[in-house]
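*Asks:* Right, I'll just put the structure down here and ask away after.
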Amino acid sequence: MLVESTYSIVKENEVLCNICSFKCRLVSGDYGKCFVRCNVGGKIFYDSYGIVSKVQLVTGREIFLPNTSGLWLKVGSVGCNLRCTYCYNREIAWDRAGVKNPSYERYTPDKLVDLAISQKCKGIFFSFSEPVVAAEFVLDVFGTAKQKGLFTGMHTNGTCSLDLVDKFFLVCDYFVVDIKAYTQESFHKITGNSYNVMQPRLVAEKLFNSGANLEIVTPVIPGFNDSIFEMRSIARWIHYNLSSEVTWHLVPFVPTPYLFAIPAPSRDLMEKIRDIGVSESIKRVVLHF
C-alpha cells in the first residue's frame, strides 16, 4: 500500500524526504536509507503502511517503562534509517525484501488496536524496527488507540525530523530514545552514520521541554562507546539538558553473529558506568541484565 509522504521538490523528478534528519534526496525510482520510502513519479511514498513484522506481549520493564503496570502489545513494522553494527533485528530493519515476507501481516489501525484490547493490554508500543520511518502508520495506530482508551509508546533511535516530533507528541504517551554515543566518532562506529550524532539529543530535548514522558537508553558496547569520557558526557547531558529525574537505562551489548568478536561488557563495567551516572546526580540509573 502506497501512502504519499512529506517531501520538498528539489528539481524535476528529484525530491527531498522530510521524515527524518537524513533528508534523503531521491530521484525517481530511488529508495531512502530506510528502505520503505521511495520516489514515484516525483513524489515520496511510504510503501509499507500496515505491515507488521512482529507482535509480542510484554511488561513495562521489557520496554524500558518500569513504572507502568500491566501488559503492552509490542509491535514492529519494517525499515530503519541506521545500520547499527549490533542490530538484533536486521531481518526486519535492514532488508528491503522483508517488506514482501509472507510471514508478515498487514493490519489496519483498528485491527491492531482491537488485538491489543482482546489481549487485555494497557497500550501499544512500537519497537523492533524504527517507528519514525513508519510514521503514517504509527500515528494512525496511536490516534485510534487513544480514542479507544489505550496508552501509546515508542522506542526510537532519535533521528526524527523536529517537525515530526510535534505530531508524535500529540498521540504518544511514552517515548524511549536511544542515545547510543556522545561523540561523532563513536556514533559512526556504532550506526554507520557519519554526521547525525546531535539529532537524538535534539529530539530528546524537544520532547522533554514539551512535557513528554521520556526514558533514555544507552547500549554499552566495549570498544565502541564504553569510555569514561563518553559515558560521563552522556550522563552530564542528561543532567544539564534534560533533568536528573530522567531515567537512564544501561543495556549490555550481547554478541551477535554479525558482531561476535566483541565481548559482552562485564558486570563490573556496567556498575562503573552506573556509578558515573549517580555521580552526575542522575537519580535513577537502571542496569538491564
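None of the figures in this text is laboratory data; all of them are computed from the coordinates on show. Everything numeric here is computed off the predicted structure, so don't read it as measured data. Because the Cβ atoms are built from the backbone with ideal geometry, glycine has one as well, and the counts that use them run over all protein chains shown.
*Asks:* Can you sort Trp248, Trp237 by how many other beta carbons sit within 10 Å, fewest first?
*Replies:* Fewest-to-most Cβ neighbours within 10 Å comes out as Trp237, Trp248.
*Asks:* Moving on. Lys/Arg Cβ at +1, Asp/Glu Cβ at -1, dipole of segment 117-223 taken about the Cα centre: which of Gln184, Val217, Leu150 is farthest positive-ward?
*Replies:* Leu150
*Asks:* Dipole magnitude of the chain about its Cα centre, charges +1 at Lys/Arg Cβ and -1 at Asp/Glu Cβ only, in debye to the nearest 20?
*Replies:* 200
*Asks:* In whole Å and largest first, what semi-axes does the C-alpha gyration tensor of segment 3-46 yield when each eigenvalue is scaled by 5 and square-rooted?
*Replies:* Listed largest to smallest, the semi-axes of segment 3-46 are 13, 11, 9 Å.
*Asks:* A further question follows. Taking neighbour Cβ counts within 10 Å as the exposure measure, how do Leu115, Leu250, Leu242 sort from fewest upward?
*Replies:* Ascending number of Cβ neighbours within 10 Å: Leu115, Leu242, Leu250.
*Asks:* Divide by every residue of the chain the summed helix terms, -39500 (n - 2.57) for each DSSP H run of at least 4, and state the resulting mean residue ellipticity at 222 nm, rounded to the nearest 500 deg cm²/dmol.
*Replies:* That calculation yields -8000 deg cm²/dmol at 222 nm.
*Asks:* Next question, about the same structure. At His188 and Lys122, where each label point lies 7 Å from the Cα along Cα→Cβ, what is the point-to-point distance in nanometres?
*Replies:* About 4.3 nm, to one decimal.
*Asks:* Between the helical axis of 162-171 and the dominant principal axis of the chain, each derived from Cα atoms, what acute angle in degrees is found, rounded to the nearest 10?
*Replies:* 90
*Asks:* Another question, then. Using all alpha carbons of segment 120-160, what is the percent of pairwise distances in each 5 Å bin, ordered from the shortest bin to the longest?
*Replies:* Histogram of Cα-Cα distances, whole percents per bin: 6, 26, 31, 21, 13, 3, 0.
*Asks:* Show me 127-135, 3-11 ranked by packing, highest mean number of other Cβ atoms within 10 Å first.
*Replies:* Highest mean packing first, the order is 127-135, 3-11.
*Asks:* OK, next. Suppose each label sits 7 Å from its Cα in the direction of the beta carbon; what would the Phe229-Ser281 distance come out to in nanometres?
*Replies:* With each label placed 7 Å out from Cα toward Cβ, I get 2.4 nm.
*Asks:* Nothing charged except the Cβ atoms of Lys and Arg (+1) and of Asp and Glu (-1): what's the magnitude of the dipole of segment 96-246 about its Cα centre? Round to the nearest 20 debye.
*Replies:* I would put it at about 220 debye.
*Asks:* Next up: Please name which of Cys121, Ala235, Ser279 has its Cα lying farthest along the dipole of the chain towards the positive end, using unit charges on Cβ (Lys, Arg +1; Asp, Glu -1) and the Cα centre as origin.
*Replies:* The Cα lying farthest towards the positive end belongs to Cys121.
*Asks:* Note the full-extension length gain between Ser28 and Asp268 as 0.36 nm times their separation in residues minus their Cα-Cα distance, in nm to one decimal. Mind dumping the intermediate values first?
*Replies:* Numbers: separation 240, 0.36 × 240 = 86.40 nm, distance 5.19 nm.
Once the chain is fully extended between Ser28 and Asp268, it gains 81.2 nm.
*Asks:* Also: With only Lys, Arg, Asp and Glu charged, each at its Cβ (+1 for the first two, -1 for the last two), find how big the charge dipole of segment 179-289 is about the Cα centre; round to the nearest 20 debye.
*Replies:* Roughly 100 debye, rounded to the nearest 20.
*Asks:* Return one number: the angle in degrees, 0 to 90 and rounded to the nearest 10, between the long axis of the Cα atoms of helix 135-147 and the longest principal axis of the Cα atoms of the chain.
*Replies:* Roughly 80 degrees, rounded to the nearest 10.
*Asks:* On to the next question. Given that compact globular proteins tend to follow 2.2 N^0.38 Å, what is the ratio of the alpha-carbon Rg of segment 186-265 to that value?
*Replies:* For segment 186-265, the normalised Cα radius of gyration comes out at 1.18.
*Asks:* For the pair Lys11 and Ala261, how long in nm is the line joining their label points, each one 7 Å along Cα→Cβ?
*Replies:* A separation of 4.3 nm, rounded to one decimal place.
*Asks:* If you don't mind, there's one more thing I want to ask. Compute the Rg to Rh ratio over the chain from the alpha carbon atoms, using the Kirkwood formula for Rh, and round to two decimal places.
*Replies:* Computed over Cα atoms, the ratio is 0.96.
*Asks:* Within segment 34-56, whose backbone N sits under 11 Å from a point 7 Å along Cα→Cβ of Leu2?
*Replies:* From segment 34-56, the list is 38-47.
*Asks:* At a 10 Å Cβ-Cβ cut-off, how would you order Phe64, Phe125, fewest neighbours first? Walk me through the numbers before you get to the answer.
*Replies:* On the way: Phe64 22, Phe125 30.
By the 10 Å Cβ count, ascending: Phe64, Phe125.
*Asks:* Mind checking the angle between helix 228-237 and the chain's longest principal axis? C-alpha axes, 0 to 90 degrees, to the nearest 10.
*Replies:* In the chain, helix 228-237 runs at an angle near 70 degrees to the longest axis.
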